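Before any comments, here is the structure.
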Amino acid sequence: MSARRPFDSLQFAKSGESLSGSLRVEELPRLSDSLRPDDVAVQYRLVGVKASGRPALRLQVTAKVWLTCQRCMTRYAELLELDSVLPVARNEAELLRWEALDPLLDALVADPALDLAALVEDEILLGIPLVPMHAEGDCDPDGLALMNEH
Ligand SMILES: [Zn+2]
């Protein structure tokens with residue numbers, strides 16, 4: 001099975017199967033600003049699991065993203081290692097019932113033709129820090145000096 005071929009998300013969640021692979025930058029158009037074509041591709045692993053008795057997809061993603069530090073305004077690479085468990089509801093009504101019980105639940109509605117690349121892209125977009133910043137002390141001194149002039 002490949003990420004390029006859509007598959008049934010609920011069936012996969014129930015099957016307990018796993019699948020892993022990598023995606024190229026061209027397959028993740030919404031991340032074109034944050035990925036470099038020469039980087040190692042985004043790695044993913046998807047497993048059908050049960051979460052609180054519900055069929056779920058466990059999605060693990062490793063991606064090197066390029067962000068602009070909001071302190072010194074220079075680009076830097078951050079390695080994202082994401083691990084989410086996404087319960088799969090049979091339909092919209094079931095999803096609403098689950099969300100009523102747990103408003104913070106991050107769940108999906110069953111999709112007979114899940115686009116895995118789009119799902120991986122969503123997770124990376126959610127995983128990117130809202131205000132990206134170098135670790136303390138790692139800022140580019142030139143960038144900082146430039147910022148302080150303004
Ligand atoms: Zn910085």
Simple spin-label estimate for K50 and D115 in nanometres, 7 Å along Cα-Cβ: 3.3 nm
The stretch 9-149 - percent relative contact order, Cα under 8 Å, separation 6 or more: 25 percent
Cys residues of the chain counted as unpaired, since no other Cys beta-carbon is under 4.7 Å: C69
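Taking GluC sites (Glu not before Pro) that fall in a DSSP loop and have at most 16 other Cβ atoms within 10 Å as cut points, what is the longest piece of the chain between them?
Working: sites that count: E17, E136.
Formally, the longest exposed-site-free interval is 18-135.
How much mean residue ellipticity at 222 nm does the chain get from its helices, if each DSSP H run of length 4 or more adds -39500 (n - 2.57) and you divide by all residues, to the nearest 500 deg cm²/dmol?
Values: 4 runs with 38 residues, N = 150.
Rounded to the nearest 500, the figure is -7500 deg cm²/dmol.
Let me know the shape class of the stretch 13-89, please: from the alpha-carbon gyration tensor, a ≥ b ≥ c as square roots of the eigenvalues, rounded when a/c is under 1.5, otherwise prolate if a/b is greater than b/c, or oblate. Display every interim value, and only then the final one.
On the way: a/c = 3.27, a/b = 2.10, b/c = 1.56.
Prolate is the answer for the stretch 13-89, as a/c is 1.5 or above and a/b outweighs b/c.
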Acute angle (nearest 10 degrees) that the helix 92-101 long axis makes with the longest principal axis of the chain, alpha-carbon atoms: 70 degrees
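Values quoted throughout were computed directly from the atomic coordinates according to the rules given, and no laboratory measurement underlies them. It should be emphasised that the depicted structure is a prediction, and the values quoted were computed from it without experimental measurement. Virtual Cβ from ideal backbone geometry, glycine too; neighbours counted across all protein chains shown.
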